[in-house]
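The values are calculated or read from the model by the stated rules, or taken from the named source; none is laboratory data. Nothing here was measured: the structure is a model prediction, and the numbers come from that model. FYI the Cβ positions are ideal-geometry reconstructions off the backbone, even for glycines, and counts take in every protein chain you see. Keep in mind that these areas ignore ligands, DNA and RNA; they rest on the heavy atoms of the full protein, side chains included. Shrake-Rupley method; radii C 1.70, N 1.55, O 1.52, S 1.80 Å.
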Amino acid sequence: MICPDEYLYSDTAVLNAALSASVAETLRARISAHGKAVLVVSGGSTPQMMLQALSQQKLDWSKVTILLADERWVDPSSDRSNEKMVRACLLQNEAKDARFKGLHLSGCKPDEAPSRLEEGLAFLEEGIDVLLLGMGEDGHTASLFPCAENISDLLSEQNDAKTVMVRPQTAPDTRISLSFGVLVKAGLTCLHITGEMKKEIWQKVSSGHLEAPVGQVFKKAQGQIRLYWAP
């Protein structure tokens, strides 16, 4: 069984306000204690309104480093780019001074990216303070897809790389994802999902009736885990 603290809301607007406030509170506490904080966010459509709400939270954003849990290997100007979405939704308003680290490297092949990214992500050795994850209908999270040929390696704690390349068989685009080993060391991990279908899938995963990468991440999570959901 996976038993996160559950925050269930009547609608997405209430969820977005609550989650953005909670994330901001955790970041403030981390900055107060350590002078800096690391926030990892996910792409897709679900988090967009929440990230807009988060961008209006007052805190010392200049001391926050933001990066993505995963990225499609497309140009950052592409509408499929998670970086483009984060810049439009989060890196504005109060959060405009945050430091952003992208996962896409221009002029680099995706299989070369993990080694090329390693040095620039050295700060992850100190851990992620807040990790915001989503979940696909197949149970993937970040870009840890169950359909990937190397899924066993992707879910191995023995892989000490900070990022991994993923070629999902059931989704477009090669991806770069933060590694399993990095994800499970977050101080606070929040699963942000909406809709009855996603809730049913999560219930199957958390009860052990469905094996999925999102379940593996939450089983091995070393910090606090929370579920945020609304219809």
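Descriptive notes on the structure:
- Heavy-atom accessible surface of the chain, averaged per residue, reaches 46 Å², computed with a 1.4 Å probe.
- Sum of side-chain charges, Gly120 neighbourhood, beta-carbon under 13 Å (Lys, Arg +1; Asp, Glu -1): +1
- The stretch 1-66: trypsin sites (Lys or Arg not before Pro) in DSSP coil with no more than 15 other Cβ atoms inside 10 Å: Lys58
- Carbon-plus-sulfur accessible fraction, the stretch 95-226 (probe radius 1.4 Å, protein heavy atoms only): 43%.
- Counting only DSSP H runs of at least 4 residues, each contributing -39500 (n - 2.57), and dividing by the residue count of the chain, the helix-based mean residue ellipticity at 222 nm comes to -8500 deg cm²/dmol.
- Take the convex hull of the alpha carbons in the chain; its mean projected area over all directions comes to 11.5 nm².
- Solvent exposure of Leu227, expressed as accessible area, is near 10 Å², computed with a probe of 1.4 Å over the protein chains only.
- When you restrict to C-alpha pairs under 8 Å that are six or more residues apart and normalise by the size of the chain, the relative contact order lands at 25 percent.
- For the listed residue pairs Lys96/Lys185; Lys58/Lys199; Lys101/Lys204; Lys109/Lys162; Lys84/Lys109; Lys162/Lys199, the alpha carbons are over 25 angstrom apart in Lys96/Lys185; Lys58/Lys199; Lys101/Lys204; Lys162/Lys199.
- Look at the Cα gyration tensor of the stretch 107-195: its axes a ≥ b ≥ c give a/c of at least 1.5 with a/b at or below b/c, and that counts as oblate.
- At q = 0.17, 0.18, 0.20 Å⁻¹ the log10 of I(q)/I(0) for the stretch 1-123 amounts to -0.94, -1.03, -1.18, computed by Debye summation with a single uniform scatterer per C-alpha, solvent ignored.
- For the stretch 1-135: relative contact order, % (alpha-carbon pairs under 8 angstrom, 6 or more apart): 28
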